1. Over the Cα atoms of the stretch B:4-116, Rg to Rh with Kirkwood Rh, two decimal places?
2. Taking only C-alpha pairs under 8 Å that are 6+ residues apart, what is the relative contact order of chain A in percent?
3. Project the alpha carbons of the stretch B:20-63 onto their principal axes and report the range along each, largest first, in whole Å.
4. Can you work out the accessible area per residue across chain B, with the rest of the protein chains kept in place, probe 1.4 Å, in square angstrom?
5. To the nearest 100 Å², how much accessible surface do chains A and B cover up together, summed over both, with a 1.4 Å probe?
6. From Cα pairs below 8 angstrom and at least 6 apart in sequence, can you work out the relative contact order of chain B, rounded to a whole percent?
7. Based on the Kirkwood radius over alpha-carbon pairs, what value in µm²/s does the Stokes-Einstein equation return for the translational diffusion coefficient of the stretch A:3-117 at 25 °C and 0.890 mPa s?
8. PRE reach from A:E29 (point 7 Å along Cα→Cβ): which of the stretch B:42-75 fall under 20 Å by backbone N?
Amino acid sequence: AQTVTQSQPEMSVQEAETVTLSCTYDTSESNYYLFWYKQPPSRQMILVIRQEAYKQQNATENRFSVNFQKAAKSFSLKISDSQLGDTAMYFCAFMKPLGGGGADGLTFGKGTHLIIQP
Amino acid sequence: NAGVTQTPKFRVLKTGQSMTLLCAQDMNHEYMYWYRQDPGMGLRLIHYSVGEGTTAKGEVPDGYNVSRLKKQNFLLGLESAAPSQTSVYFCASSYRQGIPSTNEKLFFGSGTQLSVL
């Protein structure tokens, strides 16, 4: 079974700073998908960014980018020019390829509570 | 499009009562999932379905049953609620392909806060 570990339960940075959230995972699959989801106080699960394991290029979405290190099984999220609206829980998640062993769906880490201070 | 809709949004039960959570999606997705979210635990998979008429167990299936009688609906049932089932429940749906793709991701509903007293 796959596991996802987020080692930072909570982080706090000043507005406009850059912050990096860590995520490591364990799998025997070679092709898979990795995600970062944001959960603000509204409780809604919002997809921030996704990465296909077969792509070497790191994904970027505006102020959000990832550092995907496949050999190290590491998938960190960098938020540049942080804003007050970035305050939320952030979840790292893993999805195996269709037909791979085990249950389908996402396997989540326990989350990092990110607080952006004014 | 409404996406993924969960009903109800809030519910309070007494121990031993039963209830059903309804999830509906209008994206014609084959795959649907039920997760529960507890403080400090992230989201954990309860049950999932890979198509109409199918269900499968996830990580924490005990105490729950599911049904997928129609492609667009996925029901989660609690036959005899326990305080340990107090949680936020999320439904999600997904389009899955058999090859690596850029479209595979889960779409989530807005969650149901369930309290069992």
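The values are calculated or read from the model by the stated rules, or taken from the named source; none is laboratory data. Remember, it's a predicted structure, so these values are computed and weren't measured experimentally. Methodologically, a virtual Cβ is constructed for each residue, glycine included, from the backbone with ideal geometry; neighbour enumeration extends over all protein chains shown. Only protein heavy atoms, including side chains, enter the accessible area calculation; ligands, DNA and RNA are left aside. Shrake-Rupley method; radii C 1.70, N 1.55, O 1.52, S 1.80 Å.
1. Result for the stretch B:4-116 is an Rg/Rh of 0.97.
2. Once normalised by length, the contact order is 37 percent.
3. Answer, in whole Å and largest first: 33, 19, 18 Å.
4. That works out to 46 Å² for each residue.
5. Summing both chains' loss of accessible area gives about 2200 Å².
6. 34
7. For these conditions, the coefficient is 171 µm²/s.
8. Output list for this probe position: B:42-51, B:55-61.
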